1. Taking 0.36 nm per residue of separation and subtracting the Cα-Cα distance, what length does fully extending L81 through S40 add?
2. Label Y67 and I24 with points 7 Å out from Cα along Cα→Cβ: what is the distance between them in nm?
3. Neighbouring Cβ atoms within 10 Å as the yardstick, rank W88, W60 fewest first.
4. Show me, for the range 90-97, the HN-Hα J-couplings you get by feeding each phi into the Karplus relation (A = 6.51, B = -1.76, C = 1.60, θ = phi - 60°), rounded to Hz, glycine and proline as x.
5. May I ask you to sort F77, F32 by Cβ crowding, counting other Cβ atoms within 10 Å and putting the fewest first?
6. So how do I24, I54, I97 line up by other beta-carbon neighbours within 10 Å, fewest first?
Amino acid sequence: MDHILSATGSDSTWPWMSVPVMLIASPLVEEFMYRGFLLSALAKSKTGFWGAAIFTNAAWTAAHFPYQSWAALPTIFAFGLLISFLLWRTGSLWTCIFAHITINAQTLLVQGVEVSGASPPPCSARAERQDAN
């Protein structure tokens, strides 16, 4: 469990809450707040949907800064634009929430494996080179 908590950035006294928060609460709150409220409101302005999407995703990306590296921020911004596109295309905030839950689960699994020290099995070419040395 410690490697998962490290991946979530949690040092909570209730560590078992970190995973449900990352997988359920954060996507629900963030999507309702940023895309459900802010993006929907700004899209009715002169900026239009995509101007509002850029502004909203800049704010959403900035909210992730305290626990993400600088290198991760462009990817987070791009993913936010993808989620905004899903909202524009489907008209459903639930599609955005499901996409957000999915990416958080994938991130949690990958970072949890990296933090735990586990490594993926080597590819056969690399394993053969290591055996030859």
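Throughout, read-outs are computed from the coordinates displayed, never taken from laboratory work. Bear in mind the structure is a predicted one, so any value in this text is a computation, not a measurement. FYI the Cβ positions are ideal-geometry reconstructions off the backbone, even for glycines, and counts take in every protein chain you see.
1. 13.4 nm is the gain from fully extending L81 to S40.
2. If labels sit at Y67 and I24, their model points lie 1.6 nm apart.
3. So the residues, fewest neighbours to most, are W88, W60.
4. So the Karplus estimates, Gly and Pro as x, are 9, x, 10, 5, 5, 4, 5, 4 Hz.
5. So the ranking, lowest neighbour count to highest, is F32, F77.
6. Starting with the residue having the fewest Cβ neighbours, the order is I24, I54, I97.
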